[in-house]
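Structure record follows, encoded as structure tokens.
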Amino acid sequence: ADGSSSFDVGGVLAVAAVVVVLAALSGGLAAWKHRAVEGAIERAFEAIGRCVGTFPVGTAGVSFLIFVALSSGMSMQETEADPAKLWVPEGAIALEHSAYTAANWPSSTQATFMVAMPKEGEPGPNVLTKANLLAMLDLHSKMMAIAVDGDAIVKDSKDIADYSDEYGGQWTYDGHGGTRAKCSKWGAACAMQSVLAIFDYDAANMGTEAEILDRINKWDAAPREAVVPVLGLYKGFEVGDVMGGIGRDGSGKVTSAELFMSTLFFTNVEEEVNIMTGGRLRRSKTDPVNDMWEADAVCLSGVVEKHPMDEAKTCDAPSGDLKYTGLFGRSFGDEFGAAIQNDVGRIGMAYGLIIIYLVACLGKRDVVHSMFAMSAVVLAGVGLAFTGASGFGGILGIKTNPLNNNIPFLILGLGVDDAFVLVAELTRHMTENKDASVPDLIALTAKTGGSSILITSMTDALAFLVGASTSLPALSGFCLYGGVAVLMCFILQLVLVLPLLALNVRRTRANRYDCLCCFKSKVHPHEVNDPQGCCCCYAPRCQPTDNVVKKVMGEIGNHTIRTTPGKIITLVFWLGVFVAGVAGAFQIQKDFRLEWFFPEGSYVGTFLEINEEYFSTGTRFSIYTNGVDIFTKQDKMNELSSYLMQQGFIRDSSISNYWVNFRPDPTVAVASTRDQFYQDLWSWAKTSSYKRSIRWVADACNQEDTEASCDPTRGVGHTRVDATLRRLEDGSERFEAMSAMRKDISAIFGDDSGMEVFPFGQDFLYWEENGVID
């Protein structure tokens, strides 16, 4: 992949050409038959207005009851919160891969990353000192001592299911002291990557500075996935995986490092559970043991100031000259939650400003014509439009998702805009036709205002409903609900707002107060175009200038449209905007970065920046074989191993390949019979750290307590080779790397289905979006 991520120029031009042709056709039709079309629409709205103006109470009452009944469908709504089902295109092969891994590799692994760097300033100074190693060892010991009460989890979630087997008992990371271990295993040992492993997590092995460097260089010189002879320790990682900014001398020996990286691997068993969040139990699909362990870990390491599950508990920075940041399994939920909480106030302010504007500006500065009550009617209509659309979707079985939370704000803006159009038309007709009857006024209002709100509503609804054709389920569901809500908002303007405007006209002609309609004003008459109060209506009379916005916009229009310099400036300005827009369209790039979703100053953002600069660590993934007879495919397995080592976007040191370790020399002959081959593979695998990379056809081979009855000659059902991508620059490059691996690996094995041998990582699900954009 070349990393190019700009949109296809030809595709953009084709779309532009189609739009121009359609615009020309529709414009021609409108020019030819515009009077007939406009007349038909106006007559239809006039008839509707006359009907609702004649029977306002009945129309509004029946409409209200219908929409309330429709809203009851909200109880039938189902919420979809699984990101894989929201943001992965329908029919994407990644969904099949995900289903395969869930069914055949259920004991998934969750990685937790921690970075240690100088407490003061930026990374740069050498941290490879005995004092820093001892400080890290002290924190490591405290983290290994973290205990999670699984019995409390079982008790809290007993109304959901009995999770005694999954979560019961006491848990620690490494399972010491008779507790249950939460670590993923490499053979018999817990899976961890840390510079401390080079010293066997023992302070006695941390001698002088020279001895520390000597030990690290002996580890560095040894081959991976073998025992380091001098140290007697199994080497499962390279020094570049646990140290960043490594300095070396002329002979290539390590002399310094700018920071440390530690990785802990957890088993991850997610279920619907009740877990304490924000001081109360909340239902969530997660691994609660991991969540609770990590909550204590981020506090112990001083990554956060307040304990994530107990805000009353303050987190102090650990001793020593190092500070810590990281990426934990719970980081996304914690940081996103904090960002959302910070935004709630702003969203509430936006709602409040729109409502204040509606109440203040819909009517006049007058106790009779203030239209405070009509403002409440408009807000009620907006609410019914949203609940009605939600109920309609629930009845049809359309799942809702978090994006739908934006619909009320969109409908509020549209509903308020429509109300201003109708009220402005009514005010004009009341001024011009003072003796007209109420049904006539509402008919005229619908005739002249209906077309305006029809156009805005239909174009908005059409945009949403066309967008519902996308293959991204979350966006499709949002567009469906949004389109229906827009249509219902339009309908409610006609069958709820207009009838109540008719009642409002009756009230004003009776000279009754707006919000206290049982009482009449002593001042008579109250003309709609002659307000008799101040901005608050009920304060002593004053006469501020009316229609300030109208007058200002009128002056602007006079200068920009009616004068030659204004016309030239307007033309040049919008031509410049058009040119800039077209130029920018060809420079748009497709990308998705997690750091965009974290608030400024988030510890996760800091970790991602450090990770990219020092480690370029990208996505972990695996190559799976599904029902492949590897005895007959040995040459293909060798070719696959060679292929993985040749890909620049894969970190060589991250590849964990059982096949290469079982057959380190492909030229050496293996058993000539299938039964003996699998017997030899079993004899090697059962004592190897790669035991969990192979799933046998005979299930007894996959269970430690039934290994004695294992029959390996039945063959292997599933295998996997693990690796990590380098950090790729943008969404297009990630999608291209994923697609290239799928294509190349399928070609190696002659797999046309894409399901026998394939690469997959959970992040691959979300990379499919880039293919949809293309």
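For the chain, what does the relative contact order come out to in percent, with C-alpha contacts under 8 Å and a separation of six or more? Mind dumping the intermediate values first?
On the way: 1145 pairs, mean separation 144.6, N = 774.
Dividing the mean separation by the residue count of the chain yields 19 percent.
Can you quote the Å³ per residue value for the convex hull of the Cα atoms in segment 637-757, rounded to an integer? Each step should come with its number before you reach the end.
Numbers: hull volume 15.7 nm³, N = 121.
Convex hull of Cα atoms, per residue: 130 Å³.
Principal axis analysis of the Cα atoms in segment 206-281 yields extents of 57, 27, 21 Å, listed in decreasing size. A quarter of the convex hull surface defined by the alpha-carbon atoms of segment 275-389 gives 11.8 nm² as the mean projection. Size descriptors for segment 347-490, from the alpha-carbon set: Rg then Dmax equal 17.0, 56 Å.
Out of every Cα-Cα pair that the chain contains, those further apart than 50 angstrom amount to 36 percent. The amide H of Ser256, built 1.01 Å from its N in the peptide plane, has Gly247 as neighbours under 5 Å, considering only residues 5 or more places off or on other chains. Straightening the chain between Ala700 and Val466 buys 78.9 nm, computed as 0.36 nm per residue apart minus the Cα-Cα spacing. In this calculation the C-beta distance from Lys155 to Asp310 is compared with R0 = 25 Å, giving a FRET efficiency of 0.90. Net charge in the neighbourhood of Lys743 (other residues with Cβ under 12 Å of its Cβ; Lys, Arg +1, Asp, Glu -1) is -3.
When the Kirkwood radius is taken over all Cα pairs of segment 634-688, what Stokes-Einstein diffusion coefficient follows at 25 °C and 0.890 mPa s, in µm²/s?
On the way: Rh = 12.5 Å.
Approximately 196 µm²/s, per Stokes-Einstein.
What's the Cα-based Rg to Rh of segment 141-213, Rh via Kirkwood?
On the way: Rg = 17.1 Å, Rh = 14.6 Å.
Checking Rg against Rh, the ratio lands at 1.17.
Summing charges over all other residues whose Cβ lies under 13 Å from the Cβ of Ser688, with Lys and Arg as +1 and Asp and Glu as -1, gives +3. Average accessible surface for the chain: 49 Å² per residue, computed with a 1.4 Å probe over protein heavy atoms with every protein chain in place.
The Cα atoms of segment 550-654 cover 85, 36, 25 Å along the three principal axes, with the biggest extent listed first. What base-10 log of the normalised intensity I(q)/I(0) is obtained for segment 102-170 from the Debye formula, alpha carbons as equal point scatterers, at q = 0.13, 0.20, 0.21 Å⁻¹? These q points yield log10 I(q)/I(0) values of -0.68, -0.95, -0.99. Each stretch of four or more DSSP H residues adds -39500 (n - 2.57); spread over every residue of the chain, this sum gives -16500 deg cm²/dmol at 222 nm. Against the chain, whose longest principal axis comes from its Cα atoms, helix 634-646 is set at around 70 degrees.
Nearest 10 degrees, 0 to 90: what angle lies between the long axis of helix 764-773 and the longest principal axis of the chain (Cα atoms)? The angle comes out at about 40 degrees.
The separation of segment 204-236 from segment 477-498, counted between C-alpha centres, amounts to 69 Å.
Give me the dipole magnitude in Debye, nearest 20, for the chain about the Cα centre, with unit charges on the beta carbon: positive for Lys and Arg, negative for Asp and Glu.
Working: 64 positive and 91 negative charges, 700 e Å.
In total the dipole reaches around 3360 debye.
Relative to the longest principal axis of the Cα atoms of the chain, helix 731-749 runs at roughly 50 degrees.
Could you work out the local net charge near Asn406, counting Lys and Arg as +1, Asp and Glu as -1, over the other residues with Cβ closer than 15 Å to its Cβ?
Once all neighbours under 15 Å are counted, the net charge is -1.
With the largest listed first and rounded to whole Å, the semi-axes of the equivalent ellipsoid of segment 83-232 from the Cα gyration tensor are 37, 23, 18.
Between the residues Gly247, Ala317, Leu475, the greatest Cα displacement towards the positive end of the dipole of the chain, with unit charges on the Cβ of Lys, Arg, Asp and Glu, is found for Leu475. Rg and Dmax, both from the Cα atoms of segment 575-722 and both in Å, are 23.2, 80. Share of the chain's accessible area from carbon and sulfur, percent, 1.4 Å? Answer for the chain: carbon and sulfur cover 59 percent of the accessible area.
The values are calculated or read from the model by the stated rules, or taken from the named source; none is laboratory data. Computed from a predicted model, the values in this text were never measured in an experiment. Note that we place each Cβ from the backbone using ideal geometry, even for glycine, and neighbour counts take in every protein chain shown. Ligands, DNA and RNA are excluded from the accessible area calculation, which covers all protein heavy atoms including side chains. Shrake-Rupley method; radii C 1.70, N 1.55, O 1.52, S 1.80 Å.
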